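Just below is one structure, and these are the notes that go with it.
The values are calculated or read from the model by the stated rules, or taken from the named source; none is laboratory data. Not measured: the values here are computed from a predicted model. A quick note on method: Cβ atoms are made from the backbone with ideal geometry, for glycine too, and the neighbour counts reach across all protein chains shown. Ligands, DNA and RNA are stripped out before the accessible areas are found, and what is left, the full protein with its side chains, is counted by its heavy atoms. Shrake-Rupley method; radii C 1.70, N 1.55, O 1.52, S 1.80 Å.
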Amino acid sequence: MAEPKRKGKHAHKKQENGQVNEADSHVTREEVNFPRGGGSSLTPLEYRDTVKEAERELFSTQGAGTEPAKKKRKKDKQDKGEKKHKKSKVEEDDSGDPKHKSVKVEPLSFKRLTVGTTILGCISSIHDLDMAVSLPNHLTGYVAITEISDKISKLVEKAAAADEDEDMEDEDQDMDSETALPDLKALFHVGQWVRCIILELDDGKKGGGAMDKEQKSKKRIELSLKPNLVNNGVAAKDLIPGMTLSATVVSVEDHGYLLSTGIDKLSGFLNHKDAKSYIDEFNHGKPLMEGALLDISIKSVAENERTFSCVANPQLVRKAMTETPVSNINSLIPGNLVQGIVTATSAKGLSVQFMGFFDAVIDRDHCGLDVMLGIQSPEDAYAIGSKVKARIIYCALNTSPKRIGLALSSHIVDMIAPGGKKWQKKNITAA
């Protein structure tokens, strides 16, 4: 039996609830059938509450979903900007070629020199108590008479002590010759290549008096030629045939000369036959004296690595090349001739790798560019991957990073004194 219809407010409300429930049931199946004329079955109060609740849900959902998205997009833009900045920096460093590492070639200057750096030089003038040595990049160093060898230093000390002794005035001539100051012009010659180590750097700014102001611009580089300092760090096992280094005469024997390289528990022997060419060219045909400094090339090394034989022929020493890699970077010394591969180029110079893993730089002044042929840049003269024969001109191994400089200039590779007869002859012939 059907329930009778109830009139009144409660009946109308139940009818409205019934309409709402019926509409809800239709939502799950199909679209809602809105009343004709766009009217709503909700009261104004219920409609307002429903709209506000829907707005709160809508905006809270958008805030939760869109805010992280904005942050994410902002972060993505920042990442892209950083990547773009890094890429542009690489391209700037690499001169537009990101495939190769940038080359930071800095020519030597007084500011870049450090005490302990070994460097190759050429004697430019000889005086009574010191010598001037031309260094790479138009620098000049000075070697005191007491910084040649231990034997020469002892002779200088002996001569100084004799000069202070008033009784020496009454001694005979033989005593005077024994205590005479060593003659540097008899031991060296202008144009001779020497391996040096920097002992002191004086920028001329010490003090503040009138004399200091006058000498403010006179910077001075103090050098030493002593093998025990220049060859310090060289391992005995790295003394292989073809390696060149400086040595001093310890004693004169019947068949030759006993040499010292300054390396502990290692001595060398130079027979008269292998010393003859050096004596004829550099020592005016006179036998070598104790304390004399000369460049040698290793000929052979004994199995016990305590003795070695060598040659002093200037031609052989100039052409000797160190091909076998050394075990330690400290065994690299200026003057050695090496074979390298160009790894990068720039307008300022080259980056070269030699012995398989040692990196070095060659500044523009030492690239051996032929300006007469119009070659102005190292990039035009050398291609990446090309092989070059270069000579080590300095080793700064007490810096971070370590720096090694090479030279491709013909007069350095051939160890010919610039401006000398051989240099003039070669350049005139080439021209």
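Packing, as the average of other Cβ atoms within 10 Å across residues, places the peptides 346-353, 131-138, 111-118 in the order 346-353, 131-138, 111-118, highest first. A viscosity of 0.692 mPa s and a temperature of 37 °C, combined with the Kirkwood radius over C-alpha pairs in the Stokes-Einstein formula, give segment 246-375 a diffusion coefficient of 192 µm²/s. A 1.4 Å probe, protein heavy atoms only, puts the accessible area of PHE269 near 70 Å².
From largest accessible area down, sort PHE357, PHE308, PHE110; use a 1.4 Å probe on the protein chains. Could you put the intermediate results ahead of the total?
On the way: PHE357 120, PHE308 10, PHE110 35 Å².
If we order PHE357, PHE308, PHE110 from most to least accessible, we get PHE357, PHE110, PHE308.
Separation of the alpha carbons by more than 18 angstrom is noted, of LYS104/LYS387; LYS299/LYS387; LYS111/LYS389; LYS237/LYS299; LYS226/LYS389, for LYS104/LYS387; LYS299/LYS387; LYS111/LYS389; LYS226/LYS389.
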